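These notes are about the structure you will find just below.
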């Protein structure tokens with residue numbers, strides 16, 4: 001694919017045949033700057049062998065500007081950036097097992113403490129979706145919060161069980 005300069009604007013990309021057609025029809029001239037991958041820097045058409053042959057089929061125009069020898073290139077080669085692919089991205093750390101954290105949060109919710117467990121479930125449910133879009137830091141933060149709320153719920157539930165057991169034991173002694 002080629003790029004070319006026309007009216008002080010970078011045009012393209014275009015196929016080589018389309019560029020040759022523009023040269024044959026006189027739309028582009030020998031001094032038109034062109035570039036493609038592997039060419040290095042922008043060059044006049046007259047200095048590019050594969051395009052200069054298309055110039056031979058056109059009669060020279062009286063209004064064509066002189067060839068640009070020694071002229072500084074006003075353009076930089078276009079930067080081709082491939083579209084980001086999630087498969088090519090590597091996470092910033094090991095994958096987080098959101099399923100195990102979610103399972104623990106559900107168990108704590110059912111067996112120990114409903115309010116803290118629900119908060120743990122909400123944060124644990126966010127882990128896999130954040131990881132799948134490449135937001136590793138967000139997934140790690142959600143995992144941290146899910147563990148915090150789940151362990152708080154477990155601790156609170158354990159404390160309630162111990163206090164209930166102590167009260168029951170004290171009641172059985174009296």
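Just so it is clear, none of the values below were taken in a lab; they were calculated from the coordinates. None of these values were measured; they are calculated from a predicted model. FYI the Cβ positions are ideal-geometry reconstructions off the backbone, even for glycines, and counts take in every protein chain you see.
Here are the numbers:
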| read-out | value |
| --- | --- |
| Alpha-carbon centroids, the stretch 8-22 and the stretch 114-174: separation in whole Å | 63 |
| Exposure proxy order (Cβ contacts within 10 Å, fewest to most) of 50, 17 | 17, 50 |
| Scattering profile of the stretch 98-173 at q = 0.23 Å⁻¹ [log10 I(q)/I(0), Debye over alpha-carbon scatterers] | -0.87 |
| For a label point 7 Å along the Cα-to-beta-carbon line of residue 52, residues of the stretch 1-31 with backbone N under 13 Å | 30-31 |
| Mean Cβ neighbour count within 10 Å, used as a protection proxy, ranking 162-170, 136-144, 38-46 highest first | 136-144, 38-46, 162-170 |
